[in-house]
Amino acid sequence: MKSRVENLCIIILALPLLLCSCQEKPESPKASYIELVDQVYPFLDAANSRWFYFSSASRPFGMVNLSPDMAIDGAWNSGYRYEEDSIKFFSHIHAWQLSGIPVMPTTGTFKGHLGPDAYQSAYSHEEETVFPGYHQVRLRDYGINVELTSTTRVGFHKYTFDKEDNNSILLDLGTVLGPSPTKYGHADRVSDTEISGYTLMAKTIRRPKDTYVYFHIELKDAFKSMHSWKDGKLLGETEIFDGENGGVYLTLNDSSKPVLMKVGISYVSAEQAKQNIEAELDHWDFEKVVSDSRKHWNSMLGRIEIWGNTEQQQRRFYTDLWKSLQGRRIISDADGKYSDMTGDEPRIGQIPLDENGKPKFNHFNSDSFWGAQWTITTLWDLVYPEIAEQFVNSMLLMYDDGGFIPRGPSGGNYTHVMTGASSTPFIVGTYMKGIDGFDSEKAYEGMKKNHLLGGTMGRAGYEHNTIKGGGLEYYIDRGYIPFPMDTKRWGGHQDGAGQTLEYAYQDWCLAQMAKALGKETDYQLFMERSNNWKNLFDSETNWIRPKEVDGSWRTPFDPYEYRGGFVESNASQGTWHVPHDLGTLAQLMGGSQAAADKLNASFEAAAKLDFTSGKSHDKELDEQYRRIPINYGNQPSIETVFVFNHIGKPGFTQYWSREVVNTVFGDLTPNLGYSGDEDQGLMGSLAVLMKMGLFEMKSGAELVPMMDIGSPIFDNITIHLNKDYYEGDKIEIVTKNNSEANRYIQKINWNTAVLDKPEIRHSDLTKGGVLELEMSDQPKK
C-alpha cells in the first residue's frame, strides 16, 4: 500500500465536484449548484461554547485562527460570542489552552492604554459576512470595515477607514486572552512597514508552562510611527517596547485606500514568523488569498457529496464536516521547526524533511483524544487518512522529545488532559486500517509505556507532578479502580469506575496491536486486563457500579448520580462503555433482549430531555439535566445508539440514531448546535458519521476492522477516497425509499453481495463500490 504524508496546507485532491446540489443528483437538469463553503453556517452555536470553538479566517487545522473576540476572560464562554454587542479586538490564536496576538484598528482619540473595555467597538450582524476562510465586519464606533483571511500560519487583514482621524492599529501585549493572561510582551520597530516581537502567555492549570508566541507584522504601506503604553499610561513614540501590562500602536499615514497587513506567527521565534510569511504569503492580493482559501475548503469538504433531505440538513452536514477539520491546530512552522516544551527549558526541534526539503508532517496542538475513538478516528481514517497519519507522527515526535505519547498536548506541553491512554484507540485504529506511514514498533513501544506503571494511564486529569490519581496500581493489582480512591485529589476526573472501563477498552486495543505485531505475551497480558470491567458489574442492579477500596459496593448507589465514580457521566451512561465486549455485557444483563430493553428504556427517558444534559455548557450540571441516562452533549455515551447493532437489535439503532440526529444535530442557529461543547471536531465528526449511517464501535482496532451500518439521512452519499491510501476511487451509499418515516433497513447490498448483518469490513469498503440500502417504515423482522 502506498502511504504518503503531505503538508496539510497543500493537500488539494482532484475531485469531480466541488459543488453540491441542494436536492437532486447532478444528472438532473434542474439541479442547482452551490459552493460547499457557502453551505457552511459558521454561526452554529456561536452564542455558546469555548475559546477555541469559533472559526472564520482559518485554513484546515490552521495555526492561525483569526476572528473577533467579544469575551476574553476564561477558557469557557469566551472568544466570539454571537449575542455580545461589542468587539474587543481580533486575535490570531484560538486553540486548546493557547491564545495570542490581539490587534484592533481604531480612529479618533486613542484609548488602547485604557484596556479592551474602553477601546472595543459596537458592531451589527447586519454588517457582517462570514464563510470558511473569511470574516468581514464593520466597527461602528470607528467607521472601519474590517476584512480578515489567512493562510495556514499568516493572518491577512484589510481595513477600510471611512475617514482620516488619528487612524491607528493597536497590538495589546498585556491583556487577558481566553485561557490565559499575557504575562509579558516585547515589540521592535524593524522598519517603516514592519514590527516583530513576542508575547509570553502565562501557564494555566491545564498547560503547565508559560508559552511564547512570536509575531512578525508587515504593512503594505509605511506607517508613520510606533507608540507604546504601560500600566494604563501612554509612553509616546518608541522603537522598542518591553514589559508587562502594555502594548504598542502604529499611527498610519494615508488611510484613503485600504490598509493591508500581514501577521505571521510562530512558537519558535520572530524570525520564524517572518519566514512563515515568506513561505506562505509573498504577495499583497487579498482577494486571491480569500479565493485560495475557498478552494482549499471546497476541496476538503468536497471529499463527501450528499443529495436529498432538506437544505437545512445539507447545510448542517457540511457545517459538521467543517468543524471536524479544525480545533486541533498546527504548531510547527512552514519549514518544520517547532517548539518542544516537554523539558525544563524550551527546545527548538526539527520535523524530518522529505526529498524535496519539505516537512514530512505537521506538529499539532490538541485537546484530549478522550472520545476520539468513536469520532475523528473513524472519520479521518476513512475520508482524510493523511490527516490521521500526520497526527500519529506528531504524537510519536512528542514521544521522542518527552518520553510519553500525549493524550492532549498544548503548545508542545504535556497537559495530561482527561484520563487513561486515550491516544491508544486512535493510533491502533489508524494502523489496523493500513494507514502505516509511521514507525509502528515505536508507536507500540510508546503506547505500552503509557499502559504500564509510571505511564500516562497512571495520571488523573491535569496531574502534572505526580502519577497517583490514575489509580493504575489498583487497576493492575485488584482489577478495578476504587471510588473514592483516596482522600487526596491528585488531579481531575478521579472517577474509579469510569476509569476502569476506559482502561479496559484501551487495553483491548493495545492487545490487538500486540497481536498484529507478533507480541503474543503482551497480547495475553492486555487481553486479560481488558476483562477488568467485569469486576464492576453488579448483578443485583444490572449496572456497572463503583467499588470502595475494601472491595465492597459503593452504597448508597444511584445510577443517575453525576460524577459518582464516572468521568463526566453517570452509571446509566457509563455502563455501556464496553465496546470490545458488548456480547458479554448483554449476557450478564440477562441476554440480548433484556439488555436491549434496558437500553431502549434509557433512550426513551433521555428523549424527554432531548438527549442532552442541557443545550449549553452552563446548563449541563443542573439537577434536571445531569441525571439523564444517555447524553449526546458529551462523549461518554455517544456510542450507545450503535450498541443495539451489537446485541442483535439493529432496528433500535436505526430508530434512535435518527431521533438523535434530528434532535441534537439538526439545528442551524447561533443558540443551538452542539449543546455548548463541540470539543475540537469530536461532535462534528460524530454528527457526520451518524448522518451517513457509518460508525466504528471498536475504533477499527480489530485485526479485521469492521464498520457499523446505521440509517443514513440522505438519499445518496459519495465518499471520495484518497488513492494514496486506499485501492478504491469512491464509496457510494444509495438509499431506496428513504424518508423520515422510512428509517429502517430491510436489505443491504454491497456491490453484488447481500450482507446479512449491518456491518462491513473496512477493507472491503475502501476498495470502493456501492452500498445500497432498501428502507422501510418498519424494522426488519
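The values are calculated or read from the model by the stated rules, or taken from the named source; none is laboratory data. The structure presented is a predicted model; accordingly, all values stated were derived computationally and were not measured. Neighbour counts run over all protein chains shown; Cβ positions are idealised from the backbone, glycine included. To get the accessible areas, we keep the full protein, side chains included, count just its heavy atoms, and leave off ligands, DNA and RNA. Shrake-Rupley method; radii C 1.70, N 1.55, O 1.52, S 1.80 Å.
A few notes on this one:
- Residue satisfying all of: in the stretch 557-579; among the polar types (S, T, N, Q) and without any contact (Cβ under 8 Å) to a residue 60 or more places away in the chain; surrounded by the most Cβ atoms within 10 Å (Cβ to Cβ) among these: Thr575
- Flag if Asn722 is of a type outside the set (D, E, K, R) and either open to solvent by less than 10 Å² (accessible area, probe 1.4 Å) or touching a residue at least 40 places away in the same chain (Cβ under 8 Å) (or both): yes
- Only one entry in Ile205, Ile169 is more than 21 Å from Glu345 (Cβ to Cβ), in a loop (DSSP other than H, G, I, E, B) and not acidic (Asp, Glu), namely Ile205.
- Looking at Gly336, Gly349, just one residue is at positive phi and modelled with pLDDT of 95 or more, and that residue is Gly336.
- When the stretch 744-781 is filtered for residues that are more than 29 Å from the chain's Cα centre (by Cα) and not in a strand (DSSP E or B), the ones remaining, listed by number, are Asn751, Thr752, Asp756, Lys757, Asp777, Gln778, Pro779, Lys780, Lys781.
- Qualifying residues in the stretch 247-271 (those that are of a type in the set (S, T, N, Q) and open to solvent by 10 Å² or more (accessible area, probe 1.4 Å)) - the one modelled with the lowest pLDDT: Ser256
- When the residues of the stretch 212-252 are filtered to those that are in a strand (DSSP E or B) and β-branched (Val, Ile, Thr), the one that is nearest to Asp340 (Cα to Cα) is Val213.
- The residues of the stretch 32-59 that are assigned to a loop (DSSP other than H, G, I, E, B) and in contact with a Cys (Cβ under 8 Å, 6 or more places away or on another chain), listed by number, are Ser32, Gln39, Arg59.
- Helices (runs of 4 or more DSSP H) lying entirely in the stretch 475-590 (those with 2 or more residues that are touching a strand residue (DSSP E or B) at 6+ places or on another chain (Cβ under 7 Å) and under 25 Å from Ala372 (Cα atoms)): 496-516, 571-574
- Close pairs (9 angstrom Cβ cut-off, 6 or more residues apart or separate chains): part of a loop (DSSP other than H, G, I, E, B) in the stretch 417-433, of a type in the set (Lys, Arg) and surrounded by fewer than 24 Cβ atoms within 10 Å (Cβ to Cβ) anywhere: Val417/Arg206
- Of the residues making up the stretch 183-203, those that are of a type outside the set (Gly, Ala, Ser), within 18 Å of Phe90 (Cα to Cα) and touching a residue at least 60 places away in the same chain (Cβ under 8 Å) number 3.
- The residue list Phe90, Phe52, Phe61 contains one member that is modelled with pLDDT under 95 and buried (at least 20 other Cβ atoms within 10 Å of the Cβ), which is Phe52.
- Scanning the stretch 279-326 for residues that are in contact (Cβ under 8 Å) with a residue 12 or more places away in the chain, in a loop (DSSP other than H, G, I, E, B) and either within 17 Å of Ala57 (Cα to Cα) or within 24 Å of the chain's Cα centre (by Cα) (or both) yields Leu281, Trp284, Gly302, Arg303, Ser324, Leu325, Gln326.
Here is a yes/no grid of residues against (1) among the aliphatic types (A, V, I, L, M); (2) crowded, with 24+ Cβ neighbours inside 10 Å:
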position	(1), (2)
Leu148	yes, yes
Lys158	no, no
Asn166	no, no
Thr182	no, yes
Ala202	yes, no
Tyr212	no, no
Ser225	no, no
Asn245	no, no
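- Taking the criterion of being among the hydrophobic types (A, V, I, L, M, F, W, C) and buried (at least 18 other Cβ atoms within 10 Å of the Cβ), the only residue of the stretch 227-239 that qualifies is Trp229.
- Residue-level check: of (1) at pLDDT 95 or above; (2) crowded, with 24+ Cβ neighbours inside 10 Å, Trp96 misses just (1).
- Qualifying residue in the stretch 181-191 (condition: touching a Gly at 6+ places or on another chain (Cβ under 9 Å) and over 22 Å from Gly412 (Cα atoms)): yes
- Considering residues of the stretch 725-741 that are touching a residue at least 40 places away in the same chain (Cβ under 8 Å) and part of a strand (DSSP E or B) only, the residue surrounded by the most Cβ atoms within 10 Å (Cβ to Cβ): Ile731
- Residue in the stretch 396-409 that is crowded, with 24+ Cβ neighbours inside 10 Å, among the charged types (D, E, K, R), part of a helix (DSSP H, G or I) and in contact (Cβ under 8 Å) with a residue 12 or more places away in the chain present: no
- Number of the exception - Asp172 against (1) open to solvent by 20 Å² or more (accessible area, probe 1.4 Å); (2) under 28 Å from Glu280 (Cβ atoms); (3) of a type in the set (Asp, Glu): (1)
- When residues in the stretch 301-339 are screened for being over 19 Å from Gly684 (Cβ atoms), crowded, with 20+ Cβ neighbours inside 10 Å and of a type in the set (Asp, Glu), 1 of them pass.
- Checked against the criterion of being crowded, with 22+ Cβ neighbours inside 10 Å, farther than 30 Å from Lys730 by Cβ and at pLDDT below 95, the candidates Gly420, Gly469, Gly458, Gly412 yield just one match: Gly412.
- Applying the set (1) over 20 Å from Glu696 (Cα atoms); (2) part of a helix (DSSP H, G or I); (3) open to solvent by 40 Å² or more (accessible area, probe 1.4 Å) to Lys615 leaves exactly one unmet item: (2).
- The residue pairs whose first member lies in the stretch 452-479 and is in contact (Cβ under 8 Å) with a residue 60 or more places away in the chain, whose second member is surrounded by fewer than 24 Cβ atoms within 10 Å (Cβ to Cβ) and outside any loop (DSSP other than H, G, I, E, B), and whose beta carbons are closer than 7 Å, counting only pairs six or more residues apart or on different chains, are Tyr462/Gly492.
- Residue list for the stretch 126-146, filter: surrounded by fewer than 19 Cβ atoms within 10 Å (Cβ to Cβ) and at positive phi: Gly143
- Test result for Met104, open to solvent by less than 20 Å² (accessible area, probe 1.4 Å) and part of a loop (DSSP other than H, G, I, E, B): no
- If you filter the stretch 477-526 down to residues that are of a type in the set (Asp, Glu), open to solvent by 10 Å² or more (accessible area, probe 1.4 Å) and farther than 17 Å from Ala701 by Cα, you find that the one that is modelled with the lowest pLDDT is Asp486.
- Of all residues in the stretch 681-699, none satisfies being within 20 Å of the chain's Cα centre (by Cα) and over 23 Å from Ala388 (Cα atoms).
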